[in-house]
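Note sheet for the following structure.
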Amino acid sequence: MKIAIVGAAGRMGRMLIAAVQAADGAELAGGSEAAAHPDMGCDLGELIGGDNAGVALTSDPQALFEIADAVIDFTVPTATAAHAALAADHGTALVIGTTGLDAAQQGAVDAAGEKAVIVQAANYSIGVNVLLGLVEKAAEILPDVYDIEVLDMHHHHKVDAPSGTALALGQAAAAGRNVVLDDVACKSRDGIIGARPRGEIGFATLRGGDVVGDHTVMYAGPGERVEISHKASSREVFANGAVRAALWACTQKPGLYAMKDVLGL
Ligand code: NAD
């Protein structure tokens with residue numbers, strides 16, 4: 001399967017180059033970056049300190065969507081919305097890892113799912129996808145006297161907050177309680193805000209250093225607290241999961257899929 005990477009020189013993009021090169025059945029078809037990127041034209045293998053891969057970093061994503069069976073996108077929301085339109089035009093599978101999409105950008109992704117295979121996940125690690133199921137189950141079992149708080153900590157370069165994974169964990173908890181997250185979410189607190197409403201799902205965001213991604217869902221009840229945590233120590237888990245999703249996507253019918261579909265959970 002020919003797999004291309006958009007945003008190939010980013011933190012995740014570089015991990016993805018290595019993951020595609022290492023995966024059985026995958027061939028690195030190319031990589032793109034924003035037009036002004038300083039590494040434009042570099043060989044993708046040399047970009048990550050490896051052997052020449054015979055494919056250069058381009059600013060033309062359309063060319064990638066024409067030749068690839070699947071494209072992997074860990075970029076920025078504006079670029080992801082444009083890539084979703086290209087996936088629909090060319091019928092190319094697209095694996096989206098970018099987080100922080102607004103409603104219009106998400107709409108572009110949803111529309112592309114009618115014409116192409118789109119896999120979208122806030123987190124491609126197997127561990128977090130297992131965690132999502134555990135969080136939903138715990139929220140279903142524990143009554144709403146157990147206050148749910150979702151914490152995430154990431155490196156200081158991260159631009160969106162709460163993290164996409166924290167929001168997905170909040171969605172899972174809300175699903176377990178049979179409520180709509182937007183109706184009960186509290187994404188920040190400051191000043192004299194009064195007592196915590198029962199049933200609220202709160203978020204707390206920590207940023208600092210080089211933390212790859214820590215998440216904890218807390219159920220704070222009377223006299224006890226349950227905490228379910230996941231800590232990623234390497235971006236490799238996301239890259240390997242995304243390549244697995246890309247290989248899977250090449251054999252599916254058009255539609256919008258999640259990582260749990262890829263994993264058969
Ligand atoms: P990063 O800033 O290191 O990389 C993003 C790259 O996209 C940059 O190199 C940037 O130049 C490039 N880019 C911007 N516009 C572009 C365009 N039009 N065409 C091509 N490339 C373009 O960020 P990162 O840490 O690699 O994270 C990228 C995204 O992936 C973020 O939204 C992050 O939250 C998300 N992420 C998701 C997962 C997951 O498992 N789903 C895991 C890690 C990160």
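Residue-wise test of (1) under 27 Å from ALA138 (Cβ atoms); (2) open to solvent by less than 20 Å² (accessible area, probe 1.4 Å); (3) within 14 Å of the ligand (Cβ to nearest atom).
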| position | (1), (2), (3) |
| --- | --- |
| LEU206 | yes, no, no |
| TYR219 | yes, yes, no |
| ARG225 | yes, no, no |
| ALA232 | yes, yes, yes |
| PHE238 | yes, no, yes |
| ALA246 | no, yes, yes |
| ALA249 | no, yes, no |
| PRO254 | no, no, no |
Cβ contacts < 7 Å: first residue within 18 Å of LYS231 (Cα to Cα) and of a type in the set (Val, Ile, Thr), restricted to the stretch 152-179; second residue assigned to a loop (DSSP other than H, G, I, E, B) and more than 8 Å from the ligand (Cβ to nearest atom), any location; separation 6+ or different chain. Result? none
Log entry, pairs with first residue in the stretch 118-146 being without any contact (Cβ under 8 Å) to a residue 60 or more places away in the chain, second being within 16 Å of the ligand (Cβ to nearest atom) and part of a helix (DSSP H, G or I), beta carbons closer than 6 Å, six or more apart or on different chains, reads ALA122/GLY164; ALA122/THR165; ALA122/ALA168; GLU136/ALA172
Within the stretch 101-124, track down each residue that is outside any loop (DSSP other than H, G, I, E, B) and more than 18 Å from GLN252 (Cβ to Cβ). ALA103, ALA104, GLN105, GLN106, GLY107, ALA108
Scanning the stretch 30-58 residue by residue, those small (Gly, Ala, Ser) and closer than 20 Å to ILE96 by Cβ turn out to be GLY30, GLY31, SER32, ALA34
Can you pull out the residues in the stretch 130-168 that are in contact with a Gly (Cβ under 6 Å, 6 or more places away or on another chain), outside any strand (DSSP E or B) and under 15 Å from ARG207 (Cβ atoms)? HIS156, ASP160
What number of residues within the stretch 190-203 are more than 12 Å from TYR146 (Cβ to Cβ), in contact with a helix residue (DSSP H, G or I) (Cβ under 9 Å, 6 or more places away or on another chain) and aliphatic (A, V, I, L, M)? 0
Members of the stretch 169-183 that are part of a helix (DSSP H, G or I) and open to solvent by 30 Å² or more (accessible area, probe 1.4 Å): GLN171, ALA175, ARG177, ASP182, ASP183
Of the residues in the stretch 82-97, those that are away from the ligand (no atom under 14 Å from the Cβ) and either without any contact (Cβ under 8 Å) to a residue 12 or more places away in the chain or in contact with a Phe, Trp or Tyr (Cβ under 6 Å, 6 or more places away or on another chain) (or both) come to HIS90, THR92
Could you list, in sequence order, all residues of the stretch 33-59 that are of a type in the set (S, T, N, Q) and within 16 Å of the ligand (Cβ to nearest atom)? THR58, SER59
Going residue by residue through the stretch 121-129, is there one that turns out to be polar (S, T, N, Q) and either more than 11 Å from the ligand (Cβ to nearest atom) or open to solvent by 40 Å² or more (accessible area, probe 1.4 Å) (or both)? no
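The values are calculated or read from the model by the stated rules, or taken from the named source; none is laboratory data. This one's a predicted model, so the numbers in the text were calculated from it and none came from an experiment. Methodologically, a virtual Cβ is constructed for each residue, glycine included, from the backbone with ideal geometry; neighbour enumeration extends over all protein chains shown. Calculation scope for accessible area: heavy atoms of the full protein, side chains included, ligands and nucleic acids excluded. Shrake-Rupley method; radii C 1.70, N 1.55, O 1.52, S 1.80 Å.
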